[in-house]
1. Using only helices, what value at 222 nm comes out for the chain when you add -39,500 (n - 2.57) per DSSP H run of length 4 or more and divide by the total residues, to the nearest 500 deg cm²/dmol?
2. Taking all protein chains in place and a 1.4 Å probe, what share, in percent, of the accessible surface of the range 1-68 do carbon and sulfur account for?
3. How high is the FRET efficiency from D52 to A29, r the C-beta distance, R0 25 Å, rounded to 0.05?
4. Give, rounded to the nearest 20 debye, the magnitude of the charge dipole that the chain has about its Cα centre when Lys and Arg contribute +1 at Cβ and Asp and Glu contribute -1 at Cβ.
5. Please determine, in degrees from 0 to 90 and to the nearest 10, the orientation of helix 39-51 with respect to the longest principal axis defined by the Cα atoms of the chain, where the helix direction is its Cα long axis.
6. So what is Rg over Rh here for the chain, counting just Cα atoms and using Kirkwood for Rh?
7. Per residue, how much accessible area does the range 5-87 show when a 1.4 Å probe rolls over the protein heavy atoms, in square angstrom?
8. Determine the gain in length on full extension of the stretch N61-R13; use 0.36 nm per residue of separation and subtract their C-alpha separation, reporting nm with one decimal.
Amino acid sequence: DIAAAIIELLRKRTPDASICPSDVARTLAADEAAWRALMQPVRDAAAALAQDGCIVITQGNRQLEPIDVNRGAIRLRRGPVFPRGCS
C-alpha cells in the first residue's frame, strides 16, 4: 500500500526530515520502469494523506495544497496528526 509506505518511511526519519516521492516509489518497485510508473500514484496518495493532516507537502520552503502536488519537485514531511491520525 502506497500510503503505508509513505508513513513508514517518514516514521523511520527524524521528525523534521522529509522524503521524496521517488523514495516511496523505489521502495515499492524493483526496477526503474516500475518505480517511475508509480510516481503519479505516490503523488495521489500523498495528496490524500495531506488532506487528512497526516503529512505536509512542500516545494522549497512553501507548503502546498494537496491539489498542487502535480507540479514540480515536491517533498513529503510529517503533518500535524502524524502518526496517530494516519491510517
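The values are calculated or read from the model by the stated rules, or taken from the named source; none is laboratory data. All figures in this text were calculated on a predicted structure; none of them were measured in a lab. Cβ: placed from backbone, ideal geometry, glycine included. Neighbour counts: every protein chain shown. These area figures cover heavy atoms from the full protein model, side chains too; ligands, DNA and RNA do not enter into them. Shrake-Rupley method; radii C 1.70, N 1.55, O 1.52, S 1.80 Å.
1. On the way: 4 runs with 38 residues, N = 87.
Rounded to the nearest 500, the figure is -12500 deg cm²/dmol.
2. Details: 1850 of 3740 Å².
Of the solvent-accessible surface of the range 1-68, carbon and sulfur hold 50 percent.
3. Values: r = 25 Å, r/R0 = 0.99.
That gives a FRET efficiency of 0.50.
4. Numbers: 12 positive and 10 negative charges, 60 e Å.
Around 280 debye, computed over the chain.
5. That helix lies at roughly 10 degrees to the long axis.
6. Values: Rg = 11.8 Å, Rh = 12.6 Å.
Rg/Rh: 0.93.
7. Numbers: 4720 Å² over 83 residues.
So the range 5-87 comes to 57 Å² accessible per residue, rounded to a whole number.
8. Difference between extended and current length: 15.4 nm.
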